[in-house]
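Participant: Below is one structure. I have some questions about it.
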Amino acid sequence: MILTRRELIAGSAAATGLLYAPAVLGQGKPKVVVIGGGAGGGTAARYLAKDSQGALDVTLVEADPVYTTCFFSNLHIGGLRDFDSLRHGYDKMAAGGVTVVNDRATAVDREARTVTLAGGQVLAYDRLVLSPGIDFVEDSVPGWSLDAAEIMPHAYKAGPQTELLKRMIQAMPQGGTFAMVAPPNPYRCPPGPYERASMVAHLLKQTNPTAKIIILDAKEKFSKQALFEEGWGKYYDGMIEWINPEFGGADVAVRPDSMEVVVEGVAQKVDCCNVIPAQTAGRIAAIAGLTDESGWAPVHPDSMKSRIDGNAWVLGDSSAQGDMPKSAFSANSQAKVAAMAIRAELTGSRLFPAKYSNTCWSLLAPEDGVKLGASYEPNDDRIASVESFISDTGEDAALRRRTYEESLGWYAGITADIFG
Ligand SMILES: Cc1cc2nc3c(=O)[nH]c(=O)nc-3n(C[C@H](O)[C@H](O)[C@H](O)COP(=O)(O)OP(=O)(O)OC[C@H]3O[C@@H](n4cnc5c(N)ncnc54)[C@H](O)[C@@H]3O)c2cc1C
């Protein structure tokens, strides 16, 4: 069942204010409310409903009626994937027994165990799952704000921002400059900015081959660096310049009104500027009081249960869990562990030891894919990497093509796993 805000208001139960009375365990179905229907929340909601076979009342609260994947959005920017292929609705999830509510959660009362929605409705829960992704630290790049994202897009939450950035790249004058302000750690998808630079270069190479790409970076090094640098040399020689802290990458401001970047006090006019700011847990996690001074939500490594509230779980990008990168693969893996732990608490189902995994694929050029991944296990204080792998530099084209094809299979598989 998919409920819009209007339908919720029209519902007779809404007249009482509280849509669902809190279940007393053992009387009626226990209620799980999941906030955020992306990689973590979508997977958790679907697995909770599927595996409990009707024993749980699962409600997913998601602000957008259609989810646009950040994963593979760089391929869209590169002209290798159409936008519609990134978009996924919630019909199948609803058919699978999840009550999908299209609204924004605005408050969580952890004492009363209720979630309040923008439309004014109140949902009661026995267990709460949050997977709201990221929000941006607005003052992390001086001169940039969320309002300025219309001029200098982040395109780090996929959707209209992705389309805007692509249009701006296509509108650059011949020989123009594309600047990216890369985010400091930790942030979602560590190789994402560098895959993006590769895809921007691929796009420009065909229509604007004298254009330049500069990446301003506060980090000393970045994910899959040797692989990216080799690929940039091979496919886009001289086009991409990475500016690390030694050369001013950590001292960057922007002036959206004049389309300038200011590096160590020296202003430079650019033609397109992609600002990917510092990141923090999705706002609702902080509103719920589930984050700490780091801005992220600490969780127990064996279950993803919040360290702050025993009735709440935080998944995906918002969580502070240890070694796993903030990725859709990680969020999906964490969600399955969380769903199992929640079912065990609420229905007495069997609990198996937690195991997690992640692989991040990146595309350097058409059919030239590389990957990095690991398996993980919980220890006393964090989720720890136990075995890892990474593509080698110098691999032949056939292997790189297979790696790319593997990533296509992963995309089809994970989106079916999240959305049904
Ligand atoms: C350019 C780019 C490329 C990437 N490539 C890859 C890749 O190749 N592989 C990979 O594994 N990962 C990749 N990622 C990372 C991946 O997209 C994220 O790590 C993943 O989506 C995190 O899942 P999540 O559930 O934490 O958050 P999300 O998937 O972002 O889901 C959060 C959801 O919560 C909703 N929401 C937030 N607040 C509220 C609220 N208050 N009320 C209701 N709904 C709310 C949002 O609308 C959103 O739908 C990439 C990211 C980027 C930016």
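Participant: Pop out the carbon and sulfur fraction of the accessible area of the stretch 303-383 as a percent, whole number, probe 1.4 Å.
Facilitator: Details: 1350 of 2820 Å².
Carbon and sulfur: 48 percent of the exposed surface of the stretch 303-383.
Participant: How do 33-40, 116-123, 403-410 rank on mean C-beta neighbours within 10 Å, highest first?
Facilitator: By packing density, highest mean first, the sequence is 33-40, 116-123, 403-410.
Participant: Projected onto the charge dipole of the chain (+1 at Lys/Arg Cβ, -1 at Asp/Glu Cβ, origin at the Cα centre), which of Val386, Phe178, Ile287 gives the Cα projection farthest towards the positive end?
Facilitator: Ranked along the dipole, the leading option is Ile287.
Participant: Could you check the spin-label model distance between Glu377 and Glu293? Points 7 Å from the Cα along Cα→Cβ, value in nm.
Facilitator: 3.3
Participant: Then there's this: Could you give the accessible area per residue of the stretch 102-148, probe 1.4 Å, as a whole number in Å²?
Facilitator: Details: 1820 Å² over 47 residues.
On a per-residue basis, 39 Å².
Participant: Peptides 366-374, 180-188: what's the order by average Cβ count within 10 Å, highest mean first? Intermediate results must be reported in sequence, preceding the final value.
Facilitator: On the way: 366-374: 19.7, 180-188: 21.4.
The most tightly packed comes first, giving 180-188, 366-374.
Participant: Ok, one more. If you fit an axis through the alpha-carbon atoms of helix 39-52 and take the longest principal axis of the Cα set of the chain, what angle between them do you get, 0 to 90°, nearest 10?
Facilitator: Tilt relative to the chain: about 30 degrees.
Participant: OK, next. Any lysines with Cα under 29 Å of the Lys166 Cα? List them, leaving off those in the same chain fewer than 8 positions away.
Facilitator: Excluding near neighbours in sequence, the set is Lys157, Lys205, Lys212, Lys219, Lys221, Lys224, Lys234, Lys269, Lys326, Lys371.
Participant: Looking at the chain as a GNM with Cα springs under 10 Å, which of Leu363, Leu80, Leu315 has the largest mean-square fluctuation?
Facilitator: Leu80
Participant: Counting only Cα atoms, I'd like the Rg/Rh figure for the stretch 116-207, Kirkwood definition for Rh. Please report the intermediate quantities before stating the final value.
Facilitator: Values: Rg = 17.4 Å, Rh = 16.0 Å.
Ratio of gyration radius to Kirkwood radius: 1.09.
Participant: On to the next question. Calculate the length of the line joining the C-alpha centroid of the stretch 84-99 to that of the stretch 381-419, in whole Å.
Facilitator: The stretch 84-99 and the stretch 381-419 have Cα centres spaced 25 Å from each other.
Participant: Cα gyration tensor of the stretch 141-277, axes a ≥ b ≥ c as square roots of the eigenvalues: rounded (a/c below 1.5), prolate (a/b > b/c) or oblate? Could you put the intermediate results ahead of the total?
Facilitator: Working: a/c = 1.27, a/b = 1.08, b/c = 1.18.
It is rounded, given that a/c, with a ≥ b ≥ c, falls under 1.5.
Participant: In Å², what does the accessible area per residue of the stretch 373-419 work out to with a 1.4 Å probe? Intermediate results must be reported in sequence, preceding the final value.
Facilitator: Numbers: 2540 Å² over 47 residues.
About 54 Å² of surface per residue is accessible.
Participant: Can you classify the chain as rounded, prolate or oblate using the Cα gyration tensor, where a ≥ b ≥ c are the square roots of its eigenvalues, rounded means a/c under 1.5, and otherwise it's prolate if a/b beats b/c and oblate if not? Could the numbers behind the result be given before it?
Facilitator: Values: a/c = 1.96, a/b = 1.66, b/c = 1.19.
Verdict is prolate for the chain.
Participant: Counting only protein heavy atoms, what percent of the accessible surface of the stretch 39-123 is carbon or sulfur at a 1.4 Å probe?
Facilitator: 42
Participant: Still on this structure: Can you run phi through the Karplus equation (6.51, -1.76, 1.60; θ = phi - 60°) for the stretch 405-420 and list ³J(HN,Hα) in whole Hz, with x for Gly and Pro?
Facilitator: Each residue of the stretch 405-420 in turn: 4, 4, 5, 5, x, 4, 4, 4, x, 6, 5, 5, 5, 7, 9, x Hz.
Participant: Related question: What is the percent carbon and sulfur in the accessible area of the stretch 141-277, measuring with a 1.4 Å probe over the protein chains and ignoring ligands?
Facilitator: Details: 2940 of 5600 Å².
Carbon with sulfur: 53 percent of the solvent-accessible area.
Participant: Another question about this same structure. On C-alpha positions alone, give me the angle between the axis of helix 225-235 and the longest principal axis of the chain, in degrees, nearest 10.
Facilitator: Once rounded, the angle reads 50 degrees.
The values are calculated or read from the model by the stated rules, or taken from the named source; none is laboratory data. The shown structure was predicted, so the numbers you read here are calculated from the model rather than taken from an experiment. Every residue, glycine as well, gets a Cβ built from its backbone with ideal geometry; the counts of neighbours run over all protein chains shown. Accessible surface is based on the protein model in full, side chains and every heavy atom, while ligands, DNA and RNA are left aside. Shrake-Rupley method; radii C 1.70, N 1.55, O 1.52, S 1.80 Å.
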